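What follows is one structure encoded as structure tokens, with my remarks underneath.
The values are calculated or read from the model by the stated rules, or taken from the named source; none is laboratory data. Please read these numbers as outputs of a predicted model, since none were measured by experiment. Backbone-built Cβ (ideal geometry, glycine too); neighbour counts: all protein chains shown.
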Amino acid sequence: MSDEIRSERPHRKAGTVDLVTAAILIALSFLLAAVLIVAGFFSQFNYDQCGSDAVACDYSAGTRALWVLSVSVVTTWLASVAFTVFRRARRLSSWWVSFVGILVMIAVWVVFEVVMRTAIA
């Protein structure tokens, strides 16, 4: 009976298309991670407007946000690569792992920008 249940839900085997797609997405996610970290450093120039008395700035929030962005993006990339390799070793579909990693990195960037905008009020 248990053999019948297992045969009803077979795992989809990963093929060449999955391998190529996963490799391309891993490369794109690496580039995205690098761009986001560099853009995060450049976003610190937003604090230039804090020289006037009309603008109140929270420098520590911006610094913490930059550190969280950098650590989160690198951790997300490493985790997505590790999980992709793990799924490929088991011959399971793995392209979606890097795609989810890219979406997580974009979400982290959005949160970072919200914190930066509120830190410069």
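Among the residues of the stretch 60-72, are any under 29 Å from VAL17 (Cβ atoms) and β-branched (Val, Ile, Thr)? Spell out how you get there, then give the answer.
Just the residues of the stretch 60-72 that are under 29 Å from VAL17 (Cβ atoms), to begin with: none.
No, because not a single residue in the stretch 60-72 is under 29 Å from VAL17 (Cβ atoms) and β-branched (Val, Ile, Thr).
Residue by residue through the stretch 29-58, note down the ones that are loosely packed, with under 14 Cβ neighbours inside 10 Å and more than 30 Å from VAL100 (Cβ to Cβ).
PHE45, ASP48, GLN49, GLY51, SER52, ASP53, ALA54, VAL55, ALA56 - these are the residues of the stretch 29-58 that are loosely packed, with under 14 Cβ neighbours inside 10 Å and more than 30 Å from VAL100 (Cβ to Cβ).
Out of the residues in the stretch 98-121 that are of a type in the set (Gly, Ala, Ser) and more than 17 Å from ILE26 (Cα to Cα), state the one that is surrounded by the fewest Cβ atoms within 10 Å (Cβ to Cβ). If you could, list the steps in order and put the result at the bottom.
At the first step, the residues of the stretch 98-121 found to be of a type in the set (Gly, Ala, Ser) are 98, 101, 107, 119, 121.
Okay, now just the ones that are also more than 17 Å from ILE26 (Cα to Cα), so 107, 119, 121.
Numbers: ALA107: 12, ALA119: 20, ALA121: 8.
Checking each candidate, the answer is ALA121.
Out of SER80, SER52, SER94, which single residue is without any contact (Cβ under 8 Å) to a residue 12 or more places away in the chain and among the polar types (S, T, N, Q)? Give the steps one after another, and end with the answer.
Values: SER80 fails: without any contact (Cβ under 8 Å) to a residue 12 or more places away in the chain; SER94 fails: without any contact (Cβ under 8 Å) to a residue 12 or more places away in the chain.
Going through SER80, SER52, SER94 in turn, the sole match is SER52.
Matching residues to (1) at pLDDT 90 or above; (2) touching a His at 6+ places or on another chain (Cβ under 8 Å); (3) of a type outside the set (Asp, Glu):
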| position | (1), (2), (3) |
| --- | --- |
| GLU4 | no, no, no |
| ARG9 | no, no, yes |
| LEU25 | yes, no, yes |
| VAL35 | yes, no, yes |
| VAL38 | yes, no, yes |
| ALA56 | no, no, yes |
| TYR59 | no, no, yes |
| GLY62 | no, no, yes |
| ALA65 | yes, no, yes |
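If you scan the stretch 59-97, which residues turn out to be surrounded by 14 or more Cβ atoms within 10 Å (Cβ to Cβ), of a type outside the set (A, V, I, L, M, F, W, C), over 9 Å from the mean Cα position of the chain (by Cα) and in a helix (DSSP H, G or I)?
Across the stretch 59-97, the qualifying residues are GLY62, SER70, THR84, ARG87, ARG88.
So, in the stretch 87-121, how many residues would count as being closer than 30 Å to TYR59 by Cβ and in contact with a strand residue (DSSP E or B) (Cβ under 8 Å, 6 or more places away or on another chain)?
So the count comes out to 3.
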